[in-house]
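Only one structure is covered here, and it is reproduced in the block below.
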Amino acid sequence: MSPQLNLEASIISTVVPATPRGEDDGEYNLNYMDLLMKLHYIRSIYLFDSEAVQDLSISDLKAPMFPMLDSCSHVSGRVRISESGRPFIKCNDAGVRIEESRCQKTLREWMDEKEYSIDELVHDHVLGPDLAFSPLIFIKFTYFKCGGLSLGLSWAHILGDAFSAFNFITKWSHTLAAQAPPKSLRFKCLSNFTKPKFLSNSISDYPISVKKATLVDKYWLAANDSYVATHTFHITSKQLHHLPTTFASTDTNTKYFGIISAMIWKCIAQIRGDYGPRVVTISTTNVSNGVENEFPSNDVVLSRVETNLSPGESNLSELVNLIAEKKMNENHVLKKLVEESEGVGDFVVYGAKLTFVDLEEGDFYGVKINGKKAIMVNCDIRGVGDEGVVLVLPGPEDDDGNNGRMITVSLPGKELDQLKSKLEKEWGIQYYSR
């Protein structure tokens, strides 16, 4: 069993929009992708040293939330169920929950024991059993003995994708630094569904990137057949150059997502043997140059990649090419699936098939306090199915100023242990950080 943080009893409070809406609360209608993601939660942590947070009280940290919630009112609302059974969000200013906790360890002691784990630094957040009283966002501030601080976000995926969650915390840090949220965020609850975005390489058959879910009681969380564990691997920028870079561009902005995904796909296929996945899901996001100014939304693109060959015996270059060139977008058939069920179906997305999530373009380290970047940022997804999920996101800056990658993997426990050994033996990627 992993060591505990020795956290003191937490204090829970609520932050609401600075400007009360009164009776003009309105409704926010959820589109098909929002509803597909309703059983999933994005969790992220940002660790700051004592220099970054000195002289900042909990009141100082909470203050930026009030004007921010004016800009995106539905995130402080609550889920309701219409007469037809389709969920929507009531924009009633019920607020975002803030949790304040203290740890009797230093930040370094915690990192030595827990490495990059998110557990305990993020509130145990699931919607239900009473949706009318379930916050869509929990933010947890944990003060360490050394004066360091962890900011932990639990974000209901029904609100928006991972980039929306990252941008929410980035805007909080900007507001904390007396930078007002961008005016383009100003928004009133909509009555129309968001128009989906589709790619040209679409398919028309039944989607494989989701599966019907089994709910646990009245909570919005699917049950698993096996225990799914999570571990984060840190690949430094120097280690990236030792990966098979012949399959990547020599440009300094090379996306390593495809190479890393192919490596792990091959390893997992070898672990599972004849049952190795020949079909996987690739999750990407429609990221524009102005994404930091966009309102929270689920701009996720879910694509299937499949091969007739055994991935465990395939050349890495073949898998890299499949991921880069042979993705088949399933969004339009996913929309049809949800709308045919009139929005009342329950689905698992992440882990329905082995899922690779591209977060390389996420501006994780754009979050600053007192001008200081976080010393470490990590993200995972709660509600992962038994097939597993792999997140590829930027790592902290190395001594040379370049970013490596953080690879957060959720798999059945025995498979995860085997993956740790294979990555270290075959690729020199150690599963311990220090």
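FYI, it's all coordinate maths here, none of it is from the lab. As the structure is a prediction and not an experimental result, all values here were calculated from the model. Every residue, glycine as well, gets a Cβ built from its backbone with ideal geometry; the counts of neighbours run over all protein chains shown.
For a 31 Å ceiling on Cα separation, which of these pairs sit above it: K266/K368; K90/K218; K326/K373? Long pairs (Cα-Cα over 31 Å): K266/K368; K326/K373.
The stretch between N315 and V279, if pulled fully straight at 0.36 nm per residue, gains 11.3 nm over its current Cα-Cα span. Largest first, the extents of the alpha carbon coordinates of the range 361-416 on the three principal axes equal 40, 22, 18 Å. For T14, nonlocal amide neighbours, meaning residues 5 or more places apart or on other chains whose placed amide H falls under 5 Å from its own, are I98. With N the number of residues in the range 48-159, Rg(Cα) / (2.2 N^0.38 Å) evaluates to 1.25. In the range 274-422, inverting the average of 1/r over every pair of distinct C-alpha atoms gives 17.6 Å as the Kirkwood radius.
Working from label points 7 Å from Cα in the Cα-to-Cβ sense, the T19 to N224 distance is 4.4 nm.
When +1 charges are put on Lys and Arg Cβ atoms and -1 charges on Asp and Glu Cβ atoms, the dipole computed for the chain relative to its Cα centre reaches about 240 debye.
A simple count of charges around W110, restricted to other residues whose Cβ falls under 10 Å of its Cβ and scoring Lys, Arg +1 and Asp, Glu -1, yields -1. Under 5 Å from the amide H of L127 lie the amide H atoms of W220, each residue being 5 or more positions distant or on a separate chain, with H modelled from the backbone and absent for Pro and chain starts. DSSP beta bridges confined to the chain are antiparallel in about 80 percent of cases. Available extension along the chain between E342 and I12 is 115.2 nm, counting 0.36 nm per residue and deducting the alpha carbon span.
Remark: the range 135-146, residue by residue, has Karplus-estimated 3J(HN,Hα) of x, 7, 9, 10, 10, 10, 9, 10, 8, 9, 4, 7 Hz, where x stands for each Gly or Pro and the curve is 6.51 cos²θ - 1.76 cosθ + 1.60 at θ = phi - 60°.
Placing +1 on each Lys and Arg Cβ and -1 on each Asp and Glu Cβ, with no other charges, gives the range 211-427 a dipole about its Cα centre of roughly 300 debye.
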